[in-house]
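Asks: For reference, the structure I am asking about is given below.
Every number here is computed from the coordinates shown, using simple stated rules; none is lab data. None of these values were measured; they are calculated from a predicted model. Cβ sites come from the backbone with ideal geometry, for glycine too, and all protein chains shown count toward neighbours.
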Amino acid sequence: MGKTKLHGQNYVLKDGKRASSVTTIINNMLGWNKNTLIAWAKRVTAQGDDADAVMRDAGEIGTLCHILIQGFFQGFDVDTRDFTPNQEKAAMKAFFGFKQWYDKAEFKALGTEVALVNEEMRVGGTIDAIGRIDGKLVIVDWKTSKYGPYPEMIVQLGAYTAMYEAAQPKAQVDHGMIMRFGKEDGKFHRHEISREKLDAGAQVFRHCVALHKLKTQL
């Protein structure tokens with residue numbers, strides 16, 4: 001599986017127009033994490049590194065880790081030729097963290113890489129995983145970031161929750177989980193997101209969608 005196929009869907013609405021992605025709207029409309037990113041970029045630059053290059057590299061590692069997890073669930077071999085040896089090594093460490101969690105969590109996956117389009121908000125997005133733990137329906141996002149979860153991550157998960165329940169009216173998500181897998185130490189970090197926070201995140205996202213629409217009118 002090539003990296004271009006992961007989260008590579010074109011989200012198309014019933015009228016044939018392309019839907020904006022959840023992550024694009026959040027990234028464009030929210031800047032809550034901006035100061036943290038600026039401080040990080042300054043530190044990286046002071047060390048003599050290219051902050052943009054470091055961020056791209058981290059993104060590639062995250063992409064490969066997602067593909068490895070998808071391969072695990074769907075039973076296919078992952079072609080890593082599009083990635084550097086260092087990226088592969090780091091992604092494998094993060095994937096080891098996923099396996100450590102999975103072997104303990106008793107997670108029953110109902111779907112992975114679940115693509116959704118919401119006609120009301122005119123947005124599209126892809127859920128990393130939806131499944132059950134102890135009989136409770138949970139929505140999960142895989143992350144390889146060193147820190148977090150940041151508020152934007154909760155907004156993203158809240159948006160996916162609202163979209164999933166709109167598509168599956170009988171479904172009732174109990175809580176969310178942001179699973180961070182260390183690309184340096186191979187450890188996992190489980191962050192449970194309460195239903196109340198998911199609902200708050202969904203509300204924030206709806207405001208982001210409204211701002212996005214207003215911005216197009218300027």
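Asks: Could you give the radius of gyration (one decimal) and Dmax (whole number) of the Cα atoms in segment 62-126, in Å?
Replies: Over segment 62-126's Cα set, Rg and Dmax evaluate to 14.4, 43 Å.
Asks: Same structure again: Quick query: amide H of Gly111 versus all other amide H atoms, modeled in the peptide plane; which residues come in under 5 Å with a sequence gap of 5 or more or a different chain?
Replies: For Gly111, the qualifying residues are Ile130.
Asks: Follow-up question, since we're still on this one. Return P(r) of segment 3-215 (all Cα-Cα pairs; 5 Å bins starting at 0; whole %; ordered from short to long distances).
Replies: Over segment 3-215, the share of Cα pairs per 5 Å bin runs 1, 7, 14, 18, 20, 18, 13, 7, 2, 0, 0 percent.
Asks: For segment 50-178, calculate the relative contact order in percent as a whole number, restricting contacts to Cα pairs under 8 Å that are 6 or more residues apart. Show your work: numbers first, answer last.
Replies: Numbers: 140 pairs, mean separation 25.0, N = 129.
Averaging sequence separation for qualifying contacts and normalising by length gives 19 percent for segment 50-178.
Asks: Run the simple label-point estimate for Ala41 and Asp79 please: 7 Å along Cα→C-beta, distance reported in nm.
Replies: In this crude label model, Ala41 to Asp79 measures out at 3.5 nm.
Asks: With a 10 Å radius around each residue's Cβ, average the other Cβ atoms per peptide and rank 50-63, 177-190, highest first.
Replies: Working: 50-63: 15.4, 177-190: 18.6.
Listed from highest to lowest mean packing, they are 177-190, 50-63.
Asks: From largest to smallest, what semi-axes in whole angstrom does segment 98-218 give when each is the square root of 5 times an eigenvalue of its alpha carbon gyration tensor? If you can, show how the numbers build up before the last one.
Replies: On the way: eigenvalues 135, 61, 28 Å².
Semi-axes, largest first: 26, 17, 12 Å.
Asks: What does the convex hull of the alpha-carbon atoms of segment 158-211 project to on average, in nm²?
Replies: Details: hull surface 19.6 nm².
Average of the hull's projected areas for segment 158-211 equals 4.9 nm².
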